[in-house]
Each structure stands twice: as C-alpha cells, then as structure tokens.
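The values are calculated or read from the model by the stated rules, or taken from the named source; none is laboratory data. Note that this is a predicted model, so its numbers are computed, not measured. Because the Cβ atoms are built from the backbone with ideal geometry, glycine has one as well, and the counts that use them run over all protein chains shown.
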Amino acid sequence: MRVITTVAEMRQARQEMAGPPWRIGLVPTMGALHEGHISLVRYACADDDTVVVSIFVNPTQFGPSEDFAHYPRDADRDLTLLRDLGTDVVFMPPVEEVYPQGFDTHVEVEKLTQRLEGASRPGHLRGVSTVVTKLFNIVQPHRAYFGQKDAQQLAVIRRLTRDLDLPVEVVGLPTVREPDGLAMSSRNAYLSPEERKAASVLYRSLEAAQELWRSGVRDAPLIRRRMGEVLAAEPLAHVDYVSVADAETLEELETVERPALVSLAARIGKTRLIDNVTLSP
C-alpha cells in the first residue's frame, strides 16, 4: 500500500494508473475509520482496479465553535485497517498541502445548501464541496463512494458533479448501523456510556416516521410531530431540526407523495449527531 502526502506525488501516481480499462475508485474520509467507511472501501475494492482512500480532516467544513482540533485522529490504526482491506493508495496530505498560503477559491452549490445542515452549520457544505472538488481534480477517479448517512452532502456532491461536468460516477451506499440502530459515526467516540444509550433515540424517531408512512400516513407535519415526540422523550437529546423533505430538492413537504428524505440532527450531551432514512414507494 502506497501512502502519499503531497499533491505532486498523487498526480504522478495517477499518471502511472492511466490506461483503459483501468478503473480508479476514490473513498474520501476524514479518518477515524469505522465500519461505515470500511464498507465503502470493501465495495470499491470489489468494483475497481485501483482504490485510493483519502484521509484529510478538512478545516473548511468546521465552524469556529466546532470540534476541528479535537476531531478523532488515529492514523496508525487507519493505515493498518486500510492495508488489511487491500487499499492500493492512501492520500493523507497536511492542511497546507490542500490549502496553501493565499488559497482563496471555494465551490458552493447554492439551493441545496440553504437548508438542514446548511442552515445549522453555515459554510460547512461549502467546505465539503470545495475539498471534494479538489480531491476529484487531484485523484481523477472514475468512481467516488459516499455513505447515505450524510444524505445532504451526497446530494450536494451529486449536484456539483453534474453541474461542473466532472467525469466521476458518485456512488451512494447504505448507512451502516450499530445493533440498536445508531448510525456509525466517528463522533460516536465522544459519547459517554449514558449518552451512547440515549443516542439510539435518533433511529427510534426515524423508525416512528417509517411506521407512520407504512400505515398510510402521508401528512408530513404529522410525521415531523411524531418524530419530535419520540425525541422529546429522551432527556439527553436536544433537537436541532426534524425534516421531511423532497429527496431531490430538500424542500420541506406538506404531503409525502414522492420520495422523501426524513432527516434529523440532535445533540446528545455535547455531541451533535445526524441521521436519515428515505421514504419511497
């Protein structure tokens, strides 16, 4: 497994991979790998000739009061996991390599970023869009793999790829969950045992939405209200938002008559978690 830390070396490695029918898969991560990331890498290894995994804790997607400095990092463990999975290249540049002095260009998808995470974390999705565009340009993959847990991020990346005519197939894969339904996340490591137990309320809220929908309920405000009731029953949960939105535009719905993204964000103690499911005929 080759570990690369500079853009120049990554570009050189990419040239060495050139030539059809060679297919390159990219799995962008911020490290602190868990089973969700591992499922993406496994899928890429099964589907592509060469797999590149990036490990980069991207400062531009963190707000001033967010956890950039304390975000979990364990490079040695991550590299061991990736080597065992059969990863070909790990691209793990320092911040100054991705954002050199004087960097002043950003990529922003407008409408999709005005809601949900975009409203709660100003600038977050612009940071995601910028770093993903840079990774696509540096690595030049044929496919890139992302988890459905970050559904809005996935929608934004698909949009920017279409709008900017980037020759990358964006592959979204299902959320990987703990036995009690909690979505795998690097931030789960912040939770105390009591908070970890309480965090399962996020998935129970989503299950309540699914149960209503399966029973024939199409009233989106009613679904949101029921989700809020489930969350309110957990004293450690502090809700940021609950949403039932059009799966493509992310505009809030009054009636669920087309595919809908049901999503939420809540703080459990000091840890902010997100999750979602899709309601679709």
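Residues in the range 177-190: is at least one polar (S, T, N, Q) and in a helix (DSSP H, G or I)?
yes
Please verify whether residue 29 is touching a Leu at 6+ places or on another chain (Cβ under 9 Å) and under 21 Å from residue 5 (Cβ atoms), treating the condition exactly as stated.
Taking the combined requirement at face value, the residue satisfies it.
Name every residue in the range 246-272 that is crowded, with 22+ Cβ neighbours inside 10 Å and under 30 Å from residue 65 (Cα atoms), in order of residue number.
250, 261, 262, 263, 264, 266, 268 - these are the residues of the range 246-272 that are crowded, with 22+ Cβ neighbours inside 10 Å and under 30 Å from residue 65 (Cα atoms).
Given the residues 195, 229, which is the only one that is assigned by TED's automatic domain parsing to the domain that holds residue 249, at pLDDT 95 or above, within 30 Å of residue 55 (Cα to Cα) and acidic (Asp, Glu)?
Result: 195 is the single residue among 195, 229 that is assigned by TED's automatic domain parsing to the domain that holds residue 249, at pLDDT 95 or above, within 30 Å of residue 55 (Cα to Cα) and acidic (Asp, Glu).
If I go through the range 25-46 residue by residue, how many of them are within 19 Å of residue 68 (Cβ to Cβ) and hydroxyl-bearing (Ser, Thr, Tyr)?
So the answer is 1.
So residue 48 fits all but one of (1) surrounded by fewer than 22 Cβ atoms within 10 Å (Cβ to Cβ); (2) touching a Leu at 6+ places or on another chain (Cβ under 7 Å); what number is the exception?
The number of the failed condition is (2).
So how many residues does the range 14-49 have that are in a helix (DSSP H, G or I), free of Cβ contacts under 8 Å to residues at least 40 places away in the same chain, more than 20 Å from residue 80 (Cα to Cα) and not acidic (Asp, Glu)?
Here the count works out to 1.
Residues that are in the same structural domain as residue 32 (by TED's automatic domain parsing) and surrounded by 18 or more Cβ atoms within 10 Å (Cβ to Cβ): list the helices (runs of 4 or more DSSP H) wholly contained in the range 51-132 that include at least 3 such residues.
75-85
Take the conditions over 14 Å from the mean Cα position of the chain (by Cα), in contact (Cβ under 8 Å) with a residue 60 or more places away in the chain and under 20 Å from residue 77 (Cβ atoms) and apply them to residue 52. Does it pass?
It is true that residue 52 is over 14 Å from the mean Cα position of the chain (by Cα), in contact (Cβ under 8 Å) with a residue 60 or more places away in the chain and under 20 Å from residue 77 (Cβ atoms).
Residues of the range 133-150 being part of a helix (DSSP H, G or I) and closer than 24 Å to residue 277 by Cβ, which ones?
Matches in the range 133-150: 148, 149, 150.
Determine which single condition residue 217 fails, assuming it passes every other condition in (1) exposed (fewer than 15 other Cβ atoms within 10 Å of the Cβ); (2) under 18 Å from the mean Cα position of the chain (by Cα); (3) not in a helix (DSSP H, G or I).
The single condition residue 217 does not satisfy is (2).
Among what's in the range 191-201 and is touching a helix residue (DSSP H, G or I) at 6+ places or on another chain (Cβ under 9 Å) and not in a helix (DSSP H, G or I), pick the residue that is surrounded by the most Cβ atoms within 10 Å (Cβ to Cβ).
199
Which condition from (1) without any contact (Cβ under 8 Å) to a residue 12 or more places away in the chain; (2) more than 21 Å from residue 11 (Cβ to Cβ) is the one that residue 100 breaks?
If we test residue 100 against (1) without any contact (Cβ under 8 Å) to a residue 12 or more places away in the chain; (2) more than 21 Å from residue 11 (Cβ to Cβ), just (2) comes out false.
List pairs: first residue in the range 123-150 and under 16 Å from residue 112 (Cβ atoms), second residue of a type in the set (Val, Ile, Thr) and not in a helix (DSSP H, G or I) anywhere in the structure, Cβ distance under 6 angstrom, at least six positions apart or on different chains.
Here the result reads 129/107; 129/109; 130/107; 133/107; 148/175, each pair linking the range 123-150 to a residue that is of a type in the set (Val, Ile, Thr) and not in a helix (DSSP H, G or I).
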